[in-house]
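Encoded as structure tokens, the structure appears first; notes follow it.
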Amino acid sequence: MSSRVISAKSAEHYKWGGPQKSDCDGWHLIKSPGLSIIEELMPPSTSEIRHCHTHSRQFFFVLEGELTLEVEQHDVVLCPGEGIEVVPGERHQAFNRGTTAVRMLVISQPPSHGDRVEA
């Protein structure tokens with residue numbers, strides 16, 4: 001059986017973003033050549049670098065907290081249970097401007113690692 005239960009406790013972990021460039025956490029729930037699903041945790045006052053992807057289509061879905069996603073210079077505020085799609089070529093940047101951590105899923109098809117262009 002190739003299927004297995006996965007969680008942040010058992011997934012590959014990495015650090016990213018924020019003032020120290022390692023203030024946020026990510027867990028690769030699915031990391032395959034055709035699909036990436038990452039659970040991310042952004043503490044308050046953290047962000048990523050504005051960028052776009054040449055090929056990757058992404059979907060950001062908030063599980064906890066309030067995420068501000070700037071897409072093409074327009075802020076979108078997402079609350080738990082809300083998500084937004086970012087298509088290839090759209091410049092975007094995630095911010096946690098709230099007072100509590102943001103926990104979200106970032107789904108990319110194809111995977112976005114290696115397909116990032118700073119904007």
Can you match volume of the Cα convex hull per residue in Å³ to one of these, (i) 103; (ii) 86; (iii) 305, based on a calculation from the structure here?
(i)
Once you list every other residue whose beta carbon is under 13 Å from the beta carbon of Gln109, what net charge do they have if Lys and Arg are +1 and Asp and Glu are -1?
0
1.4 Å probe accessible area per residue over the chain, in Å²
56 Å²
Given labels modelled 7 Å from the Cα in the Cβ direction, how far is it in nm from Tyr14 to Gln73?
3.0 nm
Which net charge results for the neighbourhood of Arg97, defined as the other residues with beta-carbon distances under 11 angstrom from its beta-carbon, given Lys and Arg at +1 and Asp and Glu at -1?
-3
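The values are calculated or read from the model by the stated rules, or taken from the named source; none is laboratory data. From a predicted model like this one, the values you see are computed outputs, not experimental measurements. With ideal geometry, Cβ positions are generated from the backbone for all residues, glycine too; neighbour counts draw on all protein chains shown. Each accessible area value is taken on the protein alone, full model and side chains, heavy atoms only, with ligands, DNA and RNA left out. Shrake-Rupley method; radii C 1.70, N 1.55, O 1.52, S 1.80 Å.
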